[in-house]
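J.: I'd like to ask you about the structure that follows.
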Amino acid sequence: MARTGPEPPAGRSPRRYGRPEALLARRRARIVRITGRELAGSAACTLPAARAAHLCDGAVELYWNELAWEQITAEEAVGGSQRVERMFPGFLAMIDGLLQHHAEAAWAPPRADVVDQLLLFLAGRCVDLACAAAREVETRSERELTLRLLDLVLYRRYALGPEEVERLEIARLGGDE
């Protein structure tokens, strides 16, 4: 999964915008701080690298397709708390399928390792978009959407309960990003 996106503005170091791993660590630390719950570590990769890459590529393609569809149609332009869920239904469904938290009879073991790779992709997009956000309003909006999607995937990855998600959402709406 190659990172794509604009280069940092002239005269600015990419470090100013952070690294995807650091952004992801900050988002995880926020969850721990607000919920008071420790998060389980990353699962060991049990898939051959080519299969894991295939699953990641499929999810990344869903991200780009759903983002492009929204940019073309502006169907979900009306905001609201469920906006990102409505914009990325296929991507989030794939995350749920990879994690299988709600599956009664799993046809394959959960793939949290693949979800961890997708979290890094989303964090990378946020960092890339931060480089261009100062110049373009559309890019700021896309960064906000992608950051929100990153949080939703983190909630699913760590199987947060409704009460924990509610606390996180209240904090987010209160400005705790």
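The values are calculated or read from the model by the stated rules, or taken from the named source; none is laboratory data. Just so we're clear, the structure is a prediction, and the values are computed from it rather than from any experiment.
J.: Just one of the numbered conditions (1) under 23 Å from Phe91 (Cα atoms); (2) at pLDDT 80 or above; (3) under 18 Å from the mean Cα position of the chain (by Cα) is not true of Ala49; which one?
T.: (3)
J.: Condition check: assigned to a loop (DSSP other than H, G, I, E, B), over 21 Å from Arg37 (Cα atoms) and at pLDDT below 90. Does Ala130 satisfy that? Even if it seems obvious, please write down each step before you answer.
T.: On the way: assigned to a loop (DSSP other than H, G, I, E, B): no; over 21 Å from Arg37 (Cα atoms): yes; at pLDDT below 90: yes.
It is false that Ala130 is assigned to a loop (DSSP other than H, G, I, E, B), over 21 Å from Arg37 (Cα atoms) and at pLDDT below 90.
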